[in-house]
1. Does B:LEU115 fit the bill of being assigned to a strand (DSSP E or B), buried (at least 16 other Cβ atoms within 10 Å of the Cβ) and of a type outside the set (Gly, Ala, Ser)?
2. Could you check region A:1-52 and list, in sequence order, the residues that are more than 20 Å from A:LEU73 (Cβ to Cβ), modelled with pLDDT of 90 or more and either within 12 Å of another protein chain (Cβ to nearest Cβ) or within 12 Å of the chain's Cα centre (by Cα) (or both)?
3. Just for strands (runs of 3 or more DSSP E) wholly inside region B:1-85: which have at least 1 residues that are away from chain A (no Cβ under 14 Å) and of a type in the set (D, E, K, R)?
4. List the number of the failed condition for B:ARG81; all other conditions in (1) more than 20 Å from the chain's Cα centre (by Cα); (2) modelled with pLDDT of 90 or more; (3) among the basic types (Lys, Arg) hold.
5. For region B:86-105, what are the residues that are assigned to a loop (DSSP other than H, G, I, E, B) and either in contact (Cβ under 8 Å) with a residue 40 or more places away in the chain or of a type in the set (Lys, Arg) (or both)?
6. Quick check on region A:53-84: of everything there that is aliphatic (A, V, I, L, M) and surrounded by fewer than 12 Cβ atoms within 10 Å (Cβ to Cβ), which residue is farthest from the other protein chains (Cβ to nearest Cβ)?
7. Can you work out which of the residues in region A:85-100 that are modelled with pLDDT under 90 and more than 7 Å from chain B (Cβ to nearest Cβ) is surrounded by the fewest Cβ atoms within 10 Å (Cβ to Cβ)?
8. Scan region B:110-124 for residues that are of a type outside the set (A, V, I, L, M) and closer than 15 Å to A:LEU97 by Cβ and jot them down.
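The values are calculated or read from the model by the stated rules, or taken from the named source; none is laboratory data. Remember, predicted model here, so these are calculated numbers, not experimental data. Because the Cβ atoms are built from the backbone with ideal geometry, glycine has one as well, and the counts that use them run over all protein chains shown.
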Amino acid sequence: MTPTLAALAEPKRLKILELLQQGERPVGVLARELRLAQPSTSKHLKALERAGLVRVRREAQRRWYGLRLEPLLELDAWLEPYRRLWAARLDALEAHLDRMED
Amino acid sequence: MNDENERLGSVGVEGGRTRLRYRRKLAHPPEKVFRALTESQHLRHWLPCDLVGERRAGAPLALPFWPELIEKYGLEPAPLRGEIRVWEPPRVFEWTWDTDRLRWELEPCEGGTLLTFTTWLANDEPNPKTAAGYHACLANLIELLDRGRVETRLADADVKELEVRYGAGA
């Protein structure tokens, strides 16, 4: 998990993921949307690729970058038990309050 | 936002730790809710451990699991330890449960109490230097997931999983 998130410590890379959530894009389009030079954008994409957060598809002469959700889902899975646990305790608190005398 | 997601609490990052925050509207006055959050006879019904110690800021706490739970789940009988950090009845109660921090804020509202519960989870990253970055990213990632703007045209098994969890389009 740490390398994945280390890759995301840079706000531009988070922004890239946000854009890719809407659909695949070639690097030129991403660079324009980020207002970054293409080489910088490519560097960020490489870091994200190494972390398993984006994948590349070649079509004609272009490389299309797309989001890979696996690492994100892993993180979500990691937190879920805690979230459910406290939600259940709060449910029990509410149920007890309803039975409790004022 | 769908109700299940709200019920499970929001995820954030603070001070290099993962933070969960829950908000519930309760149809009971703050004084009553505060009692349910702090008195042993009431704690027994929703919290797995008792809070043993004086009720004042700075007081140390012993946090033994209830005997019936120890027996049922074979739990470690030695109590964890903690401390009361804030004691301001009936508005704020904050305490530590071993390495976790728990904060209860009660606000009177029409019909009862608005309860905000926040917990900061233990930071199990061994390297303190990466922990802050790690947790800062976690919050943003979860935000990305929660916003649920994943398009179905990204035909991918992962996307289906995301839709199931977050109800994309909701």
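1. In short, yes.
2. Within region A:1-52, just A:ARG25 meets the criteria.
3. Correct list: B:10-14.
4. Against the list (1) more than 20 Å from the chain's Cα centre (by Cα); (2) modelled with pLDDT of 90 or more; (3) among the basic types (Lys, Arg), B:ARG81 comes up short only on (1).
5. B:PRO89, B:PRO90, B:ARG91
6. Once the filter is applied, the top-ranked residue is A:ALA60.
7. Only one residue fits best here, namely A:ALA88.
8. Selection gives B:GLY111, B:GLY112, B:THR113, B:PHE117.
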